[in-house]
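To keep things clear, I will list the structure first and then write my remarks on it.
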Amino acid sequence: NAGKIVALLPVEAADDAFAPRATHQLPTHALIPGLVNAHTHAAMTLMRGVADDIPLKAWLEEHIWPLETRFVSPEFVYDGTLLGAAEMLRNGITTVVAFDHAPDRLLADLAGEVGIRLYFAPACSAGRYHFDHRGRIERTWDEKRGFAGLERAIRYIQGIDGAHDGRVRGIIVVD
């Protein structure tokens, strides 16, 4: 049945209606649907623990953004996302909404490779974030950049939406 649920019924009725390939008795387990990670930057799994005990402004400006500039590449995104996907699947997360800057079909094909459901929100920013003099995040609106990002996101989504037996979907999330 291509991995799809075809019926919900009592054990006796299921035994009468279906001939399973294998039966597993798990009397101390609960069967639950897969969990959903509704916001992930899985590639950043490789930066886990980097200066994670300092204020946001210093963390981003002095640590994360310089490291991203230096190290993030298609290989970094692939390796970090593969590790993140393995961790999520191991912990019952079967669907993710990914917010990453990924080249071409990298995330879509990786999702197909490991069997996780992916809703991908390609970067579609309508402005820039910066910190004010008090260290608070502020946003500068840029309509031209926003529309250009939206057009790129739509083209990208048209190329991946429905891939890998429908497990990969594109979504628009304006940042």
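Values computed for the structure shown
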read-out	value
Y129 accessible area, assembled protein chains, probe 1.4 Å, Å²	110 Å²
The chain, dipole about Cα centre (Lys/Arg Cβ +1, Asp/Glu Cβ -1), debye to the nearest 20	300 debye
Over the chain, relative contact order from alpha-carbon pairs under 8 Å, at least 6 apart, %	20 percent
Fraction of accessible area attributable to carbon and sulfur, the chain (%, probe 1.4 Å)	56 percent
For region 1-64, with +1 on Lys and Arg beta carbons and -1 on Asp and Glu, the positive-most of I5, P27, T40 along the dipole	I5
The chain, accessible area per residue, ligands and nucleic acids excluded (1.4 Å, Å²)	70 Å²
Region 26-175 - share of DSSP beta bridges that are antiparallel (%, nearest 5)	30 percent
Net length gained if the chain between D132 and V6 were fully extended (0.36 nm per residue, minus Cα distance)	39.9 nm
Charged-residue dipole, Cβ positions (Lys, Arg, Asp, Glu), region 82-175 about Cα centre, Debye nearest 20	200 debye
Hydrodynamic radius (Kirkwood) for the chain, which is based on Cα pairs only, to one decimal in Å	19.0 Å
17 Å reach of a label modelled at H41, 7 Å along Cα-to-Cβ, counting backbone N of region 116-130	120-130
The chain - mean residue ellipticity at 222 nm from DSSP helices (-39,500 (n - 2.57) per run, n ≥ 4, rounded to 500)	-10000 deg cm²/dmol
Among F71, I116, I160 the positive-end extreme of the charge dipole of the chain (Cβ point charges)	I160
D100, D53, D142, D15, reordered so the largest accessible area comes first (probe 1.4 Å)	D53, D15, D142, D100
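The values are calculated or read from the model by the stated rules, or taken from the named source; none is laboratory data. Computed from a predicted model, the values in this text were never measured in an experiment. Quick reminder, even Gly has a Cβ in these numbers, built from the backbone with ideal geometry, and neighbours come from all protein chains shown. The area values use the complete protein model at the heavy-atom level, side chains included, leaving out ligands, DNA and RNA. Shrake-Rupley method; radii C 1.70, N 1.55, O 1.52, S 1.80 Å.
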